[in-house]
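I have placed the structure first, in the form of structure tokens, so that the comments after it can refer back to it.
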Amino acid sequence: MKSYQVYLKRMAYPYLFWLSLFILFPIVLVFWFSIHTNTGKQYTLDNYLHFFTSTGYLRIFGRSFLLALYTTLLCLLIGYPAAYILSSMKGRKRNVLLLLIILPMWANMLLRVYAWVFLIGNNGLINLFIEWLNRYLPFSIPTISIMYSPQAVLLGMVYSYLPFMILPIYSVLVKLDKDLLHAAYDLGATKAKAFLKITLPLSMPGIISGVTMVFLPAATSFIVPTYLGGTELYIGNLIERQFKVANNWNFGSAISILLVVVIFIFIGLANHLSGDQERGESLW
């Protein structure tokens, strides 16, 4: 038994090497840049102080997390009913719908964002279709003009990250013991009460996982705001510009480290809530 445990520990060595080389080392390197001047010869905290003393950067930070919050809420409002309906289906129909949800994730993120440019642009397919309809309708339908706006960014975010909300919730709901619901119905509970008392609490681990998987990438995304947004900056675009345009790697690294800290806090909070949920289920 002891030799088997030693064998398992040795099997983890390649993973530890991969973790150190491609995750820990880059974070340490970014942190090193963040506490040095541009010359790299002096330690300084000016990069962090510059971020906190400027209201513009704090506003960008708040705007990014507000966008992530809106994206998460919309994905939850759309994704939970979708996951619930999927979990109640059986056979081939459910598999086909699952494939349609997963299929866009196989395409490159940039291609998916460009698809929305062709759809909602001022000369996009939707406006061309509306103009064609106006030729034959007795009334006129106004064309849409949301390109390069916060609404377009939010639309692209929800489209991009909605599968990450649906799949975790679906994986929990599909394993839900239906006998619990039948027992609740036998005891006189309505469908709404059975959902609130049984289905919703037991699906909380999936909800927490979905919220984590949507909120974190939405808060740091830069592709969607770059191609669908306007002049407003988000935290991902700000970091990208520091490295590519301003050539200020030190300040960009400081923003990245602050973002990593916030992400770790959010993950810790999510794990804490998930742990409380599991303890509540065991007591129940």
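Data table
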| read-out | value |
| --- | --- |
| Positive-end residue of L176, Y159, I265, charge dipole of the stretch 143-284 with Cβ unit charges | Y159 |
| Cα-derived Rg over Rh, computed across the stretch 26-146 with Rh taken as Kirkwood radius | 1.17 |
| Solvent-accessible ranking of E240, E232, largest area first, probe 1.4 Å | E232, E240 |
| Under-5 Å amide H pairs with H36, H placed in peptide plane, nonlocal only | T44 |
| Surface accessible to a 1.4 Å probe, M109 within the full protein complex, Å² | 40 |
| Mean Cα-pair separation over length for the stretch 129-284, i.e. relative contact order, pairs under 8 Å, 6 or more apart, % | 25 |
| Heavy-atom accessible area ranking, 1.4 Å probe, most first, across D186, D179 | D186, D179 |
| Most positive-pole-ward Cα, I78, I126, M109, against dipole of the stretch 64-203 from beta carbon charges | I78 |
| Ranking by accessible area, most exposed first, for F33, F25 with a 1.4 Å probe | F25, F33 |
| At q = 0.17 Å⁻¹, base-10 log of I(q)/I(0) for the stretch 185-280 (Debye sum, equal scatterers on each alpha carbon) | -0.84 |
| Solvent accessible area, Å² - Y159, 1.4 Å probe, full protein context | 80 |
| For the stretch 127-173 versus the stretch 219-241, the gap between their alpha-carbon centres in whole angstrom | 20 |
| Computed lengthening from A107 to S140, 0.36 nm per intervening residue step minus Cα-Cα distance | 8.3 nm |
| About the Cα centre, charge dipole magnitude for the chain (Lys/Arg +1, Asp/Glu -1 at Cβ), debye | 580 |
| Stretchable slack from W32 to L196, in nm (0.36 nm times residue separation minus alpha-carbon distance) | 54.1 nm |
| For the chain: relative contact order, % (alpha-carbon pairs under 8 angstrom, 6 or more apart) | 27 |
| Estimated translational D of the chain in µm²/s (Stokes, Kirkwood radius over Cα pairs; 25 °C; 0.890 mPa s) | 109 |
| Rg to Rh, two decimals, where the stretch 172-228 supplies the alpha carbon set and Rh follows Kirkwood | 1.28 |
| Under the span-like rule (Cα at least 30 Å along the axis, Kyte-Doolittle mean at least 0.0), DSSP H helices of the chain | 55-88, 150-173, 249-283 |
| Value in Å of the Kirkwood radius, where the stretch 116-204 supplies the Cα pairs that are averaged | 17.1 |
| Accessible-area value, S145, 1.4 Å probe, nucleic acids and ligands omitted, Å² | 90 |
| Above-threshold pairs, the threshold being 30 Å between Cα atoms, out of K9/K244; K9/K90; K41/K244; K93/K191 | K9/K244; K9/K90 |
| Angstrom value of the Kirkwood radius, inverse mean 1/r, which spans all Cα pairs in the stretch 48-99 | 14.0 |
| Over the chain: helical MRE at 222 nm, DSSP H runs n ≥ 4 each giving -39500 (n - 2.57), nearest 500 | -23500 deg cm²/dmol |
| P(r) of the stretch 78-227 over all Cα-Cα pairs, binned every 10 Å from zero, in whole percent | 10, 29, 27, 21, 12, 3 |
| The stretch 45-145: trypsin sites (Lys or Arg not before Pro) in DSSP coil with no more than 10 other Cβ atoms inside 10 Å | K90, R135 |
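The values are calculated or read from the model by the stated rules, or taken from the named source; none is laboratory data. Remember, it's a predicted structure, so these values are computed and weren't measured experimentally. Glycine also receives a Cβ, built like all others from the backbone with ideal geometry; neighbour counts cover every protein chain displayed. Protein only, heavy atoms only, side chains kept; ligands, DNA and RNA dropped before computing areas. Shrake-Rupley method; radii C 1.70, N 1.55, O 1.52, S 1.80 Å.
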